[in-house]
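Presented below is the structure to which this report refers.
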Amino acid sequence: MRLLPKSAFGQTALLIGLLLLINQVVSYLSVTYYFIRPTSAQINSLLATQVQSMQTQGILDGDSATRWRYTQDTGISIMSTAQARQQGLKHATYYRFMSDQVAAQLKQSADVRISAPPTELDPNQPYKVWISIAAHPDTWISVPLTGWSEANISPLTIYLMVIGVLSVVGGWLFVRRMNRPLHALQKAALHVGQGRVPEPLKEQGSTEIMEVTRAFNQMNRGIAQLEHDRTLMTAGISHDLRTPLTRIRLATEMLSPENEWIREGIVNDIEDMNAIIDQFIDYARLDTKGQQETSDLNQLIGELTQARHIEETHHISLKLNPLPDTLLSRIGIKRVLDNLIENAFRYGSDKITVSSFHDSRQQRIYCRVRDFGPGIEQDKLPDMFQPFTQADKARGGVGSGLGLAITRRIVTSHNGGIELRNHPQQGLIAEFWLPVKR
């Protein structure tokens with residue numbers, strides 16, 4: 001499993017997050033060492049000084065009346081362990097660093113604890129510091145901290161958290177703005193790869209991204225011009241070829257009945273040449289996808305197979321599962337189905353199987369055409385969709401070699417995919433899928 005993101009947005013966001021995390025750690029350490037620790041050291045020094053003063057005055061060794069008067073004058077209580085436990089000592093928290101600092105100043109072991117006021121009491125009641133020293137192990141000194149609750153560090157923590165969140169959100173918005181032109185460039189590049197000509201992209205973002213966008217727009221215009229010139233050239237060549245082919249066909253009609261076999265051969269060759277010219281034009285056209293509409297792929301399969309029933313030697317077995325309706329070009333997908341079925345009959349066998357199914361997890365619909373012929377050599381399968389490529393050695397093909405190239409172009413323009421593979425037992429499987437779009 002890859003933990004580091006691959007996208008520029010993810011990497012930039014991760015970098016900003018790490019920098020902000022380091023900033024927060026440094027901020028906390030700075031506050032701790034330059035604010036909290038000095039303040040804590042001052043409090044511990046005052047507590048130790050207070051205990052020393054009480055020892056010097058003999059308050060810890062005095063009777064209960066002396067301790068009571070001292071409490072009335074200073075607010076500091078002196079009590080036994082049993083009394084201290086009743087007053088909240090049993091809920092107090094032991095702090096080792098405070099105990100060590102107080103003990104170091106008093107030059108004897110000390111036990112320092114802090115207790116918070118119970119929630120049912122007045123919330124303005126102060127925290128209490130409990131101190132016990134080795135010279136008087138059964139005596140506890142209770143010192144109220146009147147300003148502790150007001151000086152807690154929770155506002156500082158909230159402030160640092162708010163700063164961190166705002167920094168992350170600001171960095172995310174900044175990165176998103178910087179990557180928005182890249183997303184638009186990615187979508188436009190996909191459209192170009194599908195044979196479409198997208199609108200010129202708006203030049204925005206940083207200087208580098210604007211230069212890349214400008215270069216892409218120039219490339220897009222160049223590709224569109226090349227496609228236009230190719231279509232125009234193909235149309236001109238086809239027009240120039242059809243004229244002499246028509247004259248040749250007219251001349252063959254004037255042959256004598258004794259040369260009927262020659263006339264039929266020439267007519268068949270002319271029809272093959274016209275079909276090849278039509279394939280050239282289809283491949284050169286830009287609008288191979290056509291107008292899309294919501295349709296049922298099973299219905300298109302049924303229409304194509306019904307038309308194929310005219311030939312008695314051909315048999316199609318249908319295995320169609322329920323499919324959801326999706327947006328597709330009926331003309332384009334019919335061309336795909338007709339091409340795959342024609343290839344299966346021409347190069348495979350007189351009996352073929354056409355099946356369909358729906359992948360609900362990936363939201364795709366599949367169509368599979370299988371024949372029972374000799375198949376195609378495994379090393380030739382990846383090249384079968386290239387223009388002018390045929391597997392003549394395996395299947396004895398004839399034609400221009402553009403049928404599968406046109407088929408893949410139509411399927412790709414629907415954002416789908418197509419593949420050829422040999423059946424484990426016998427025959428070839430041609431399978432294409434389309435995304436479910438409503």
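Just so it is clear, none of the values below were taken in a lab; they were calculated from the coordinates. From a predicted model like this one, the values you see are computed outputs, not experimental measurements. Every residue, glycine as well, gets a Cβ built from its backbone with ideal geometry; the counts of neighbours run over all protein chains shown.
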For the range 293-435, alpha-carbon Rg and Dmax in angstrom: 14.4, 41
Theoretical gain in end-to-end length, residue 262 to residue 94 [0.36 nm per residue, Cα-Cα removed]: 49.2 nm
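For the range 293-435, give the magnitude of the charge dipole about the Cα centre (Cβ charges: +1 Lys/Arg, -1 Asp/Glu; no others), in debye to the nearest 20.
With only Lys, Arg, Asp and Glu charged at Cβ, the dipole is about 180 debye.
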FRET efficiency, 1/(1 + (r/R0)^6) with R0 56 Å, evaluated for residue 107 and residue 419 via beta carbons: 0.05
Computed magnitude of the charge dipole of the range 192-282 (debye, nearest 20; Cβ of K, R +1, Cβ of D, E -1): 420 debye
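Which peptide among 63-75, 132-144 comes first, and what is the full order, when sorted by highest mean count of other Cβ atoms within 10 Å?
Values: 63-75: 12.2, 132-144: 17.6.
Top to bottom by mean Cβ count within 10 Å: 132-144, 63-75.
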Kirkwood-Stokes translational diffusion coefficient of the range 15-63, alpha-carbon pairs, 25 °C, 0.890 mPa s, µm²/s: 179 µm²/s
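Could you give the length gained by full extension between residue 338 and residue 191, i.e. 0.36 nm per residue of separation minus their alpha carbon distance, to one decimal place? Walk me through the numbers before you get to the answer.
Details: separation 147, 0.36 × 147 = 52.92 nm, distance 2.57 nm.
Extending this stretch completely gives an extra 50.3 nm.
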Residue 299 paired with residue 15, simple spin-label distance in nm, labels 7 Å along Cα-to-beta-carbon: 5.3 nm
Cut-off 18 Å (backbone N to label point 7 Å along Cα→Cβ of residue 317), residues of the range 403-432: 422-431
Separation of the residue 74 and residue 169 label points, Cα + 7 Å toward Cβ, nm: 5.0 nm
Segment residue 331-residue 218, extension gain: residue separation times 0.36 nm, minus the distance between their alpha carbons: 37.4 nm
